[in-house]
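The values are calculated or read from the model by the stated rules, or taken from the named source; none is laboratory data. Source: prediction; values computed, not measured. Virtual Cβ from ideal backbone geometry, glycine too; neighbours counted across all protein chains shown. Calculation scope for accessible area: heavy atoms of the full protein, side chains included, ligands and nucleic acids excluded. Shrake-Rupley method; radii C 1.70, N 1.55, O 1.52, S 1.80 Å.
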Amino acid sequence: MRSPFSFIARPVNGKRYTNSKEIEGMDIITSTSEEDHTSSTREAEVIALPLGYEGPIDVGDTLLVHHNVFKFYNDMKGRQQSGKSFFRDDLFFVDTEQFYMYRHDGEWHAYDRYCFVQPVAPEDWILMKPLKEEPLTGIMRYPNEALTSMGVKAGDKVTFKPDSEYEFSVDGEKMYRMYDHQITTILDGV
């Protein structure tokens, strides 16, 4: 079973939502809303490749997907429905526009025009900054091929355009997914 244009994938751990935490041996639900995009599962295991696909992704790799891939919705009458990506059982179609990174042989790789930047703590300044993160600054963790060809590498301190931060958790670390053209400057290597 293969799709002409889409990857076929299932949610990692078989759950559409990551809305619970284990505390002292008990699962505690952290969100009961199916509309809460922050609790939607973001990792998908590749089950089948698109027909004719010849890229770097293999069956068994993990995709970092958009929050709408696995979400449930309620229709006009309040009935629970799956989104457009749902195929059957626990299988979903994932288009190339619906994922941003893939894990192959245990290593994450940015896909297409996307890259991932880790925010940094506020830097010392004459004026106090009541912020948790330095604005518009971060550490490049997963550059794509276009950035790498221009000399941007993992570990570089970079600046980026305002409102380009799309938050993800990658292996428990907070990251911002952005497009490569939103990176504006390399400040220095870390």
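Take residues that are closer than 22 Å to Gly151 by Cβ and tell me which of the strands (runs of 3 or more DSSP E) falling wholly in region 67-122 contain 3 or more. Show your work before the answer.
Working: elements: 72-74, 80-82, 86-88, 91-94, 99-104, 107-110, 114-119.
In region 67-122, the matching strands (runs of 3 or more DSSP E) lie at 107-110, 114-119.
For region 22-41, enumerate the residues that are part of a strand (DSSP E or B) and either of a type in the set (Val, Ile, Thr) or in contact (Cβ under 8 Å) with a residue 40 or more places away in the chain (or both).
Filtering region 22-41 for residues part of a strand (DSSP E or B) gives 22-23, 26-29, 40.
If the condition is that a residue be part of a strand (DSSP E or B) and either of a type in the set (Val, Ile, Thr) or in contact (Cβ under 8 Å) with a residue 40 or more places away in the chain (or both), then Ile23, Ile28, Ile29 are the ones that fit.
Report those strands (runs of 3 or more DSSP E) wholly inside region 138-180 carrying at least 1 residues which are in contact with a Phe, Trp or Tyr (Cβ under 8 Å, 6 or more places away or on another chain) and open to solvent by 60 Å² or more (accessible area, probe 1.4 Å). Lay out the reasoning, then the answer.
On the way: elements: 156-160, 166-170, 173-179.
Qualifying strands (runs of 3 or more DSSP E): 166-170, 173-179.
So the check is Cβ under 8 Å with 6+ separation or different chains; which pairs have a first residue in region 85-100 that's under 17 Å from Val59 (Cβ atoms) and open to solvent by less than 30 Å² (accessible area, probe 1.4 Å) and a second one that's part of a loop (DSSP other than H, G, I, E, B) and of a type in the set (S, T, N, Q)?
Pairs found: Phe92/Ser85; Val94/Ser6; Val94/Ser85.
From Lys84, Lys77, Lys71, grab the single residue that is touching a Gly at 6+ places or on another chain (Cβ under 7 Å), charged (D, E, K, R) and at pLDDT below 95.
On the way: Lys84 fails: touching a Gly at 6+ places or on another chain (Cβ under 7 Å); Lys77 fails: touching a Gly at 6+ places or on another chain (Cβ under 7 Å).
None of the other options fit; the residue is Lys71.
Of Ala9, Ala44, which residue is crowded, with 19+ Cβ neighbours inside 10 Å, touching a helix residue (DSSP H, G or I) at 6+ places or on another chain (Cβ under 9 Å) and in a strand (DSSP E or B)?
On the way: Ala9 fails: touching a helix residue (DSSP H, G or I) at 6+ places or on another chain (Cβ under 9 Å).
Going through Ala9, Ala44 in turn, the sole match is Ala44.
Determine, yes or no, whether Glu54 is of a type in the set (Asp, Glu), at pLDDT 90 or above and assigned to a loop (DSSP other than H, G, I, E, B).
Details: of a type in the set (Asp, Glu): yes; at pLDDT 90 or above: yes; assigned to a loop (DSSP other than H, G, I, E, B): yes.
Considered against the rule, which asks whether it is of a type in the set (Asp, Glu), at pLDDT 90 or above and assigned to a loop (DSSP other than H, G, I, E, B), Glu54 comes out as yes.
Within region 21-41, how many residues are within 19 Å of the chain's Cα centre (by Cα) and either open to solvent by 60 Å² or more (accessible area, probe 1.4 Å) or over 23 Å from Asp105 (Cβ atoms) (or both)? Break it down into steps so the answer makes sense when it comes.
Of region 21-41, the ones within 19 Å of the chain's Cα centre (by Cα) are 34-41.
Among the residues that remain, those that are also either open to solvent by 60 Å² or more (accessible area, probe 1.4 Å) or over 23 Å from Asp105 (Cβ atoms) (or both) are: 34-40.
The total comes to 7.
Can you tell me which residue is nearest to Asp61 (Cα to Cα) among those in region 101-135 that are touching a Gly at 6+ places or on another chain (Cβ under 7 Å) and β-branched (Val, Ile, Thr)?
Kept after step one, since they are touching a Gly at 6+ places or on another chain (Cβ under 7 Å), are these residues of region 101-135: 117-120.
Then drop every residue that is not β-branched (Val, Ile, Thr), which leaves 117, 120.
On the way: Val117: 22, Val120: 29 Å.
If we take residues in region 101-135 being touching a Gly at 6+ places or on another chain (Cβ under 7 Å) and β-branched (Val, Ile, Thr), then Val117 is nearest to Asp61 (Cα to Cα).
Taking Asp188 as the residue in question, decide whether it is in a loop (DSSP other than H, G, I, E, B), modelled with pLDDT under 95 and surrounded by fewer than 17 Cβ atoms within 10 Å (Cβ to Cβ). Lay out the reasoning, then the answer.
Numbers: in a loop (DSSP other than H, G, I, E, B): no; modelled with pLDDT under 95: yes; surrounded by fewer than 17 Cβ atoms within 10 Å (Cβ to Cβ): yes.
Criteria not met by Asp188.
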